[in-house]
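Shown next, in structure tokens, is the structure this report addresses.
No value in this document is a laboratory result; all are computed from the given coordinates. As the structure is a computational prediction, the values presented were derived from the model and not from experiment. Please note: Cβ atoms are built from the backbone with ideal geometry, for glycine as well, and neighbour counts cover all protein chains shown.
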Amino acid sequence: MRKSLKILFYIFIFVFILTACTQSNKINNEPQIDSVNTIIRDTSKIFSEKLIPESEVTQGNSVIIFNDSLFVDLNPDLIEISEDNFEHFKYNYKIACVLDPGGFISGSGLYFNHDCDEICETYLIGKETNRRILLPSDYDAGILDVLVSSACDQLVVCSSYDGPDYVDYYGHRAELFVFNVTLGNGLNGITPAFKYYAYDWSIAEIIWISDKAIALKTYEEGRHGDDSHLHYKYYKVNLTPNPSSGDISESD
């Protein structure tokens with residue numbers, strides 16, 4: 001009898017210890033499993049975000065949209081020039097490469113395409129890959145002008161809104177973006193350089209002065225009729241990031 005009780009006692013102790021260990025494993029393991037799953041999910045998210053270059057947002061693996069933050073702000077001080085100066089720059093504008101009928105560099109494997117369906121959009125497209133860059137414009141009417149620099153290593157894109165009520169629709173009245181162009185690299189050779197926003201005038205015309213400067217023909221009034229009421233002003237814009245006014249020098 002005493003021996004039987006002793007055996008039962010040992011069995012009770014064994015069962016108690018086994019139950020306690022099982023409960024301990026459950027308590028300790030469940031958070032660890034959840035923690036591992038969370039880390040895996042978070043790491044997967046990090047990896048997936050890093051697989052998408054910060055310089056672009058890809059839609060359907062074909063459209064590149066450059067983030068506004070990738071463009072360096074140009075110097076906000078404009079240098080006013082005369083109409084004769086502007087016409088002189090325009091007359092002397094020469095380009096070192098041949099342009100195709102669409103206005104981009106011939107033989108580059110890239111071409112412009114314009115698409116208007118309520119909102120107008122302009123793309124720079126790779127002929128072989130059909131991948132495309134959406135050229136920036138905040139306006140429904142799309143881009144006003146796009147122009148290759150005389151050395152064929154830069155591209156300026158400008159857009160503008162003609163109405164004095166721009167504040168009801170847009171954050172600014174005119175804008176321009178400059179891209180660097182490296183030939184032979186397809187769309188990978190088109191990289192963001194500078195941006196500029198104007199709040200008091202619209203752009204009528206733009207021209208390259210040199211590899212470091214452009215000239216603008218602008219007006220403050222809203223456009224209507226035959227434009228005879230417009231009073232134009234002309235400016236030079238240096239393509240350098242935020243220099244002091246003392247560092248700006250005139251150049252043709």
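See the values below:
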read-out: Extension reserve of the GLU128-GLU83 stretch, reckoned as 0.36 nm per residue once the Cα distance is removed; value: 11.9 nm
read-out: Inter-part distance where region 79-132 and region 208-233 are each reduced to a Cα centre, Å; value: 18 Å
read-out: Prolate/oblate/rounded label for region 100-252 (Cα gyration tensor, a/c 1.5); value: oblate
read-out: Ascending count of other beta-carbon atoms within 10 Å, so fewest first, for LYS212, LYS236, LYS127; value: LYS127, LYS212, LYS236
read-out: Filter on LYS127/LYS212; LYS90/LYS127; LYS94/LYS127; LYS90/LYS233; LYS127/LYS236 - keep pairs with C-alpha separation over 23 Å; value: LYS127/LYS212; LYS90/LYS127; LYS94/LYS127; LYS127/LYS236
read-out: Proxy reagent accessibility, fewest Cβ within 10 Å first, across SER62, SER69, SER202; value: SER69, SER62, SER202
read-out: Residue-span extension gain [TYR169 to SER69] - 0.36 nm each, minus C-alpha spacing; value: 33.8 nm
read-out: Net lengthening on full extension, ASP138/VAL98 (0.36 nm per residue, minus Cα-Cα); value: 11.4 nm
read-out: Rounded, prolate or oblate (a/c below 1.5 giving rounded, otherwise prolate when a/b exceeds b/c) for region 92-174 by Cα gyration tensor; value: oblate
read-out: Two-site label geometry, LYS90 and ASP227: point separation in nm, points 7 Å out along Cα→Cβ; value: 0.9 nm
